[in-house]
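The values are calculated or read from the model by the stated rules, or taken from the named source; none is laboratory data. Since we're looking at a predicted model, the values are computed, not measured. Ideal geometry is used to build each Cβ from the backbone, glycine not excepted, and the neighbour counts take in all protein chains shown.
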Amino acid sequence: MSADCPCEISPCQGPLCDWRLWERGVAFRLMDRALPDILSAYPTAGLLQRIMIRHRPDICPPWRFYEHIPQGASVLDVGCGMGSHLITLAALDRISSGHGVDVSSRAIDQAALAAKSYPRSNLTFEVMRSIDSVPKNKFDVVIMIDVMHHVPKDRRESTFFGCVERVKSGGIFIYKDMADRPSFNAFANRMHDLVIAGEWVRYLPLETALEWGSAAGLQLVRRAEYKKLFYAHELLVFRS
Ligand SMILES: C[S@@+](CC[C@H](N)C(=O)[O-])C[C@H]1O[C@@H](n2cnc3c(N)ncnc32)[C@H](O)[C@@H]1O
């Protein structure tokens, strides 16, 4: 049992301990309800985009990964979409700078416009063609949230290792994706992506991401699997 954990399990799994995750789950539910309203930073967003910005935290609760972003960190968000994570983190005054990249120029246009509402947070956004086109700067934290199942299979490994390459020594890589099981939840998310992105997605097995993390010499700090509404999520937090 670790000193700061109320569980009586020996040996306690530390940050991976079920008890701590349950306690955190309760705290997260409260924090997710208290997120800043960032919608006003997106004055030109269409109806579907506005719905996504407002309700994304309801299907993808963010504090489970925000808690691993230290105060004042520099953050690279790979597959940032409309930049809602970096914009939210800026609104929370949690980061010193953020750079978001995505293959969608439409999404990046919205993110760049939203960044103007948070000039103090040094937010920049750019369109990426592949991970190779992303500047090789190092960041305290690199996040890749719900992106891998959209990446073509032959580019997944290079994208994963490209993210790792951009993490400072001692920094954090947060990898989250939709789970390929249970099959009902995987199917529900496939239908979601078919409607929203017009794409029949293929998931990367979590074991593969774990193997790549280990091959890259990363230390696993947290592994979590959880559900929200019809959606099943997988989260890995690595330290470089
Ligand atoms: C479900 S959205 C997630 C957006 C954001 N990360 C979030 O959590 O709100 C998936 C994003 O991945 C982007 N994407 C798709 N293929 C990609 C690729 N090969 N490389 C980087 N991003 C990609 C899409 O344009 C989209 O913005």
Q. Of these, Leu113, Leu123, which one is touching a residue at least 40 places away in the same chain (Cβ under 8 Å), within 15 Å of the ligand (Cβ to nearest atom) and more than 27 Å from Val201 (Cα to Cα)?
A. Leu123
**Q.** Every residue from segment 164-196 that is in contact (Cβ under 8 Å) with a residue 60 or more places away in the chain and of a type in the set (D, E, K, R)
**A.** Arg166, Lys168, Lys176
Q. Hey, does segment 160-173 have a residue that's part of a strand (DSSP E or B) and among the aliphatic types (A, V, I, L, M)?
A. yes
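Conditions (1) at pLDDT below 95; (2) of a type in the set (S, T, N, Q), marked per residue:
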site	(1), (2)
Asp140	no, no
Ala186	yes, no
Glu207	no, no
Leu218	no, no
Leu229	yes, no
Ser240	no, yes
Q) Just one of Asp37, Asp32, Asp77, Asp58 is surrounded by fewer than 19 Cβ atoms within 10 Å (Cβ to Cβ), charged (D, E, K, R) and not in a helix (DSSP H, G or I); which is it? A) Asp37
Q. If Ile108 satisfies every condition in (1) buried (at least 22 other Cβ atoms within 10 Å of the Cβ); (2) of a type in the set (Val, Ile, Thr); (3) within 14 Å of the ligand (Cβ to nearest atom) but one, which is the exception?
A. (1)
Q) Out of segment 173-225, which residues are aromatic (Phe, Trp, Tyr) and touching an Asp or Glu at 6+ places or on another chain (Cβ under 6 Å)? A) Tyr203
Q.
Considering only segment 183-196, I want to know if a residue exists there that is more than 14 Å from the ligand (Cβ to nearest atom), in a loop (DSSP other than H, G, I, E, B) and either in contact with a Pro (Cβ under 6 Å, 6 or more places away or on another chain) or over 25 Å from His68 (Cβ atoms) (or both).
A. no
Q: Looking at (1) closer than 23 Å to Pro62 by Cβ; (2) more than 16 Å from the chain's Cα centre (by Cα); (3) away from the ligand (no atom under 16 Å from the Cβ); (4) surrounded by 15 or more Cβ atoms within 10 Å (Cβ to Cβ), find the lone condition where Asp180 falls short.
A: (3)
Q: Kindly list, by first and then second residue, each pair from a residue in segment 83-108 that is under 20 Å from Pro43 (Cβ atoms) to a residue that is within 7 Å of the ligand (Cβ to nearest atom) and among the basic types (Lys, Arg), limited to pairs with Cβ atoms under 7 Å and residues at least 6 apart or on different chains.
A: Ser84/Arg56
(Q) Return the pair list, or none, for Cβ contacts closer than 6 Å from residues in segment 40-54 that are under 13 Å from Lys116 (Cα atoms) to residues that are assigned to a loop (DSSP other than H, G, I, E, B) and more than 16 Å from the ligand (Cβ to nearest atom), at least 6 apart or on different chains. (A) Ala41/Ser117
Q: Take Pro135 and decide whether it is more than 13 Å from the ligand (Cβ to nearest atom), closer than 25 Å to Gln71 by Cβ, without any contact (Cβ under 8 Å) to a residue 12 or more places away in the chain and not polar (S, T, N, Q).
A: no
Q | Hits in segment 142-170 - residues which are away from the ligand (no atom under 12 Å from the Cβ), surrounded by fewer than 20 Cβ atoms within 10 Å (Cβ to Cβ) and not hydrophobic (A, V, I, L, M, F, W, C) | A | Glu157, Glu165, Lys168, Ser169, Gly170
